[in-house]
């Protein structure tokens, strides 16, 4: 699997040094059409592992419509610290080899933004 940054100025590594929470991980995956089923299988195994980790609240997986091979993982974590601990664990890192070689992942961490009369933080 290859990793690319969503934001070239603020990398995932920089974000993992922050001390905030709760946070949302959004991870965009692109994969070759013939590898889509293998991506879903690998992600499912990772999601089951992550759901057992302290601080993981929930996760969802989405696929673009119309035979798209763009997938989005949306995961809520109690804190950056919890996410970082799980992401850097040797067990998780070892599982990355299950992803198809055509997989390109772009993980990034987010916080809710309060916008008056529309959404609260």
* Asked: Applying the selection to segment 35-44, what residues are within 25 Å of residue 16 (Cα to Cα) and surrounded by 16 or more Cβ atoms within 10 Å (Cβ to Cβ)?
  -> 39, 42, 43
* Structure fact -> The residue from 87, 92, 83 that alone is under 19 Å from residue 15 (Cα atoms), modelled with pLDDT under 95 and surrounded by 13 or more Cβ atoms within 10 Å (Cβ to Cβ) is 92
* Structure fact -> For segment 1-18, the count of residues that are modelled with pLDDT of 95 or more and exposed (fewer than 11 other Cβ atoms within 10 Å of the Cβ) equals 3
* Can you name the residue in segment 65-80 that is exposed (fewer than 15 other Cβ atoms within 10 Å of the Cβ) and in contact (Cβ under 8 Å) with a residue 12 or more places away in the chain and, of all such residues, is farthest from residue 15 (Cα to Cα)? -> 67
* Asked: Pairs under 8 Å by beta carbon, first residue in contact (Cβ under 8 Å) with a residue 60 or more places away in the chain in segment 32-59, partner in a strand (DSSP E or B) and surrounded by 14 or more Cβ atoms within 10 Å (Cβ to Cβ), six or more apart or different chains?
  -> 39/29; 39/71
* To do: Go through segment 45-64 and give me each residue that's exposed (fewer than 15 other Cβ atoms within 10 Å of the Cβ), in contact with a strand residue (DSSP E or B) (Cβ under 8 Å, 6 or more places away or on another chain) and in a helix (DSSP H, G or I).
  => 51
* Structure fact -> If we keep only residues of segment 95-121 that are in contact with a helix residue (DSSP H, G or I) (Cβ under 6 Å, 6 or more places away or on another chain) and assigned to a strand (DSSP E or B), then the residue surrounded by the most Cβ atoms within 10 Å (Cβ to Cβ) is 109
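The values are calculated or read from the model by the stated rules, or taken from the named source; none is laboratory data. All values derive from a computational prediction rather than experimental measurement. FYI the Cβ positions are ideal-geometry reconstructions off the backbone, even for glycines, and counts take in every protein chain you see.
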